[in-house]
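The values are calculated or read from the model by the stated rules, or taken from the named source; none is laboratory data. None of the values given here were measured: they were computed from a predicted structure. Cβ: placed from backbone, ideal geometry, glycine included. Neighbour counts: every protein chain shown.
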Amino acid sequence: MTSKQVKPLAGAVSTASGAVRPVAGVRITGGLLHHWQHRNRTATIPHTIERLRAAGNLDNLRRLLQDDPAPYRGRYPFLDTDLYKTLEGLAYELGDGDPAGREFFDEVVTLLEQVQAPDGYLNSFFQDPSAAKKPWEDLTWGHELYNLGHLIQAAVAARRRMGDERLLRVAVRFADLVLERFRDRGICGHPEVEMALVELFRETGESRYLAMAAAFVDRRGTGQMEHRIFGGSYFQDHVPFRELPSVTGHAVRMAYLAAGAADVHLETGDPSLLAALERLWDDMVATKLYVTGGLGSRHSDEAIGDRYELPSERAYSETCAAIAVMQWAWRMFLGTGGAKYLDVFERVLYNAYAVGVSRDGRAFFYDNPLQRRPDHDQRSGAEPDGEPLRRAWFVCPCCPPNVVRWMAQLADHVAAERDGAVLIATYAQARIETAAMALAMDTAYPWDGDVRVTVERAPDEPYELVLRIPGWAGDAAITVNGEPFDAPVSGGWARLHRSWAPGDEVRLGLPMPVRAHGSHPHLDATRGSLSLARGPLVYCVEQHDSPQAAVDDLVVGVRDARGAGVERRDGAVVLRVEAEAAPAPPAELYPELDPGLDPGLPLGEALPGTRVTAAFVPYFLWGNRGPQAMRVWVRTPCTNGKKAT
């Protein structure tokens with residue numbers, strides 16, 4: 001049949017450059033990601049709107065219409081961004097025909113139009129005549145360009161998904177002011193605007209926005225920022241970006257900056273920028289990323305930490321950092337076509353990001369540890385005390401609205417295309433529509449590895465369907481119309497090149513055995529431990545599911561892990577693991593070692609023969625049943641001087 005020309009829908013990252021181009025014509029129709037999006041629409045968004053109203057975010061704008069404005073509500077000068085992130089998420093929902101949230105969207109946009117200064121400036125904190133600081137007075141901590149970045153992203157989403165240009169007019173006026181104000185020097189203490197300015201260039205065709213984004217990337221590390229409270233490395237401002245030896249400093253800032261630099265590379269083709277991005281990425285994955293995909297090991301400055309500094313119970317691993325890493329990963333994939341970036345994207349999506357929101361969608365983790373001790377109180381880092389698990393809101397509520405917008409745009413990160421080929425990057429029950437092909441994908445992924453792709457529309461000439469083979473997968477089986485298909489596999493991709501017809505069915509089988517993972521010997525925090533994974537999911541054990549032994553005393557060998565049973569519980573796949581219970585540890589914190597013993601932990605005796613059973617649940621589901629101990633990394637027999645088996 002002749003291919004029907006379909007105008008592609010513009011998505012979150014709408015670039016025509018790069019090795020591949022994103023496909024925005026995707027609808028997630030079922031499965032886990034669809035459930036998450038439904039929860040986002042019906043629970044998280046209404047909850048977020050309610051909290052934003054209660055916290056005074058709208059009042060902060062509304063008061064600027066008064067002759068004598070009431071005091072600003074909130075601790076931080078960047079709380080407008082929580083409105084912008086929510087608007088961005090709403091743009092996707094309203095664009096898909098969901099009327100919920102329309103009143104809030106219109107109310108906020110109208111307020112922004114009313115309070116924007118005549119010169120285009122917009123910030124509810126600094127526009128107050130009685131504010132402690134004036135606009136542009138504190139670029140290090142004022143976050144004014146960070147605010148603009150999120151405003152632009154919301155405005156572009158509203159135009160692309162809803163056809164509503166009101167917010168874009170507001171954003172362009174502010175962006176044009178910034179171009180004039182920062183023509184020659186100056187940068188923001190919190191990167192984010194770089195990504196947004198590139199997207200504004202893509203939407204408007206105005207190259208000056210791209211030039212400004214590139215300038216902001218290149219100005220870092222050139223002495224244009226005053227460093228207060230923390231040193232230059234916190235802001236990625238101690239050396240120029242291309243000279244950074246490793247990802248460093250505040251985790252969210254670092255990943256946002258890298259994502260913005262990747263956007264600049266996508267549009268300019270700057271090879272030195274790509275070389276720096278690839279080097280930084282590879283070093284991060286090899287030395288600084290948690291097994292869950294989380295980034296950031298320090299609470300004090302929300303920073304990444306040194307190589308191999310990855311403590312489990314003190315993992316900061318901020319939810320916003322998880323989103324930032326996914327944004328960086330997706331842009332690296334678009335720029336290079338590399339499947340390794342999608343492997344990390346997927347690991348973050350199902351673990352470090354997904355854990356940030358509760359099962360009911362109305363409570364959140366700010367930081368995401370990989371271990372919880374029985375006497376631990378969960379804290380976000382700034383508060384003197386804390387609730388035991390997820391919170392309904394935060395003093396710095398950057399994560400919940402970020403969850404909202406990212407969840408709403410998940411479909412924009414399912415597929416990509418290049419001339420003569422469509423690539424499936426993320427497996428989900430979905431419908432994929434490009435100018436050349438229409439595909440229906442059916443799968444229960446990530447719970448099992450069976451993926452079925454049905455061709456609904458195809459071109460007359462041969463075309464390539466490219467399937468990602470995840471790095472964790474072993475041998476993948478592929479059939480076309482029930483017959484084995486010998487597809488060349490390289491670089492994490494299986495390429496199926498043939499003539500297609502409506503009704504053709506491709507089956508991909510990805511084996512999902514339970515895997516046991518160790519850690520690098522320089523990673524002291526988890527030496528002598530293992531973690532369990534199946535498919536893209538990392539697992540953990542909560543005390544609820546280990547009634548016979550404390551989770552700190554569970555001892556799991558590699559054979560125990562590989563022999564784990566798989567069962568369904570409440571819609572999720574749970575691992576049933578036969579393990580051993582370690583003997584009572586010594587009373588002394590630092591007992592003297594017997595020189596005759598093989599060094600390990602000084603237990604002084606062999607593990608008992610007592611076998612216990614524990615259930616391991618997906619890490620993203622922990623903390624939904626009350627505060628009890630939890631571990632991702634569990635002890636292995638080698639911690640007692642024995643070889644792990």
Out of the residues in the range 274-311 meeting the condition of being under 19 Å from Y350 (Cα atoms) and assigned to a strand (DSSP E or B), tell me which one is farthest from the chain's Cα centre (by Cα). L289
Starting from residues that are surrounded by fewer than 14 Cβ atoms within 10 Å (Cβ to Cβ) and hydroxyl-bearing (S, T, Y), keep the ones in the range 471-513 and report whichever is nearest to V291 (Cα to Cα). S490
Please work out which one of (1) modelled with pLDDT of 95 or more; (2) of a type in the set (A, V, I, L, M, F, W, C); (3) more than 20 Å from the chain's Cα centre (by Cα); (4) in the same structural domain as A157 (by TED's automatic domain parsing) is the condition V395 fails and give its number. (1)
Tally the residues that are farther than 15 Å from G294 by Cβ and buried (at least 24 other Cβ atoms within 10 Å of the Cβ), restricting the search to the range 336-348. 2
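Looking at A262, A251, which is the one that is under 25 Å from P22 (Cα atoms) and buried (at least 23 other Cβ atoms within 10 Å of the Cβ)? Before you say what the answer is, go through the steps one by one.
Values: A251 fails: under 25 Å from P22 (Cα atoms).
None of the other options fit; the residue is A262.
State whether one or more residues within the range 279-301 are closer than 17 Å to L139 by Cβ and either assigned by TED's automatic domain parsing to the domain that holds P618 or not small (G, A, S) (or both).
no
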A549 vs. criteria part of a loop (DSSP other than H, G, I, E, B), modelled with pLDDT under 95 and either over 30 Å from G565 (Cα atoms) or β-branched (V, I, T) (or both): no
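Residues being within 15 Å of the chain's Cα centre (by Cα), not in a helix (DSSP H, G or I) and not polar (S, T, N, Q): count how many of those fall in the range 332-372. Before you say what the answer is, go through the steps one by one.
Within the range 332-372, the first condition is being within 15 Å of the chain's Cα centre (by Cα), and the residues that meet it are 332-333, 341-357, 364-368.
Okay, now just the ones that are also not in a helix (DSSP H, G or I), so 357, 364-368.
Restricting the remaining residues to those that are not polar (S, T, N, Q) gives 357, 364-367.
Counting residues in the range 332-372 that are within 15 Å of the chain's Cα centre (by Cα), not in a helix (DSSP H, G or I) and not polar (S, T, N, Q) gives 5.
Of all residues in the range 417-432, count the ones that are outside any loop (DSSP other than H, G, I, E, B) and over 19 Å from R507 (Cα atoms). Spell out the reasoning first.
Filtering the range 417-432 down to residues outside any loop (DSSP other than H, G, I, E, B) leaves 417-418, 421-424, 429-432.
Next, only the ones that are over 19 Å from R507 (Cα atoms) stay: 417-418.
Count: 2.
Kindly indicate the residue of the range 445-456 that is in contact with a strand residue (DSSP E or B) (Cβ under 7 Å, 6 or more places away or on another chain) and surrounded by fewer than 18 Cβ atoms within 10 Å (Cβ to Cβ) and also farthest from R498 (Cα to Cα) among those meeting that condition.
Step one: list which residues in the range 445-456 are in contact with a strand residue (DSSP E or B) (Cβ under 7 Å, 6 or more places away or on another chain), which gives 445-447, 449-456.
Filter once more, so that each one left must be surrounded by fewer than 18 Cβ atoms within 10 Å (Cβ to Cβ): 450, 452, 454, 456.
On the way: D450: 22, R452: 17, T454: 14, E456: 15 Å.
That would be D450.
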List pairs: first residue in the range 580-601 and closer than 26 Å to G563 by Cα, second residue modelled with pLDDT of 80 or more and surrounded by fewer than 13 Cβ atoms within 10 Å (Cβ to Cβ) anywhere in the structure, Cβ distance under 7 angstrom, at least six positions apart or on different chains. E580/T610; E580/R611; A581/T610
Checking R202 against (1) closer than 16 Å to L273 by Cβ; (2) touching a residue at least 60 places away in the same chain (Cβ under 8 Å), which test does it fail? (1)
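So, of the residues in the range 60-87 that are acidic (D, E) and more than 16 Å from L122 (Cβ to Cβ), which turns out to be surrounded by the fewest Cβ atoms within 10 Å (Cβ to Cβ)?
Here is the first cut: in the range 60-87, the residues acidic (D, E) are 67-68, 80, 82.
From the residues that got through so far, the ones that are more than 16 Å from L122 (Cβ to Cβ) too are 67-68.
Numbers: D67: 4, D68: 7.
Among them, the one singled out is D67.
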Conditions (1) in contact (Cβ under 8 Å) with a residue 12 or more places away in the chain; (2) over 17 Å from T479 (Cα atoms); (3) more than 26 Å from the chain's Cα centre (by Cα) -> L410 fails only (3)
All-but-one check, R314 against (1) farther than 25 Å from A411 by Cα; (2) of a type in the set (D, E, K, R); (3) part of a helix (DSSP H, G or I), failing number (3)
Give me the residue from the range 229-246 that is in a loop (DSSP other than H, G, I, E, B) and of a type in the set (G, A, S) and, out of that set, modelled with the highest pLDDT. S246
Return the only residue of R75, R51, R62 being under 26 Å from the mean Cα position of the chain (by Cα), part of a helix (DSSP H, G or I) and more than 30 Å from A10 (Cα to Cα). R51
Per the list (1) assigned to a helix (DSSP H, G or I); (2) in contact (Cβ under 8 Å) with a residue 40 or more places away in the chain, residue check on A211 breaks on (2)
Pair list, Cβ under 7 Å, 6 or more apart: the range 358-371 residue under 15 Å from V291 (Cα atoms), other residue outside any loop (DSSP other than H, G, I, E, B) and of a type in the set (A, V, I, L, M): N368/A352; N368/V355; Q371/M630
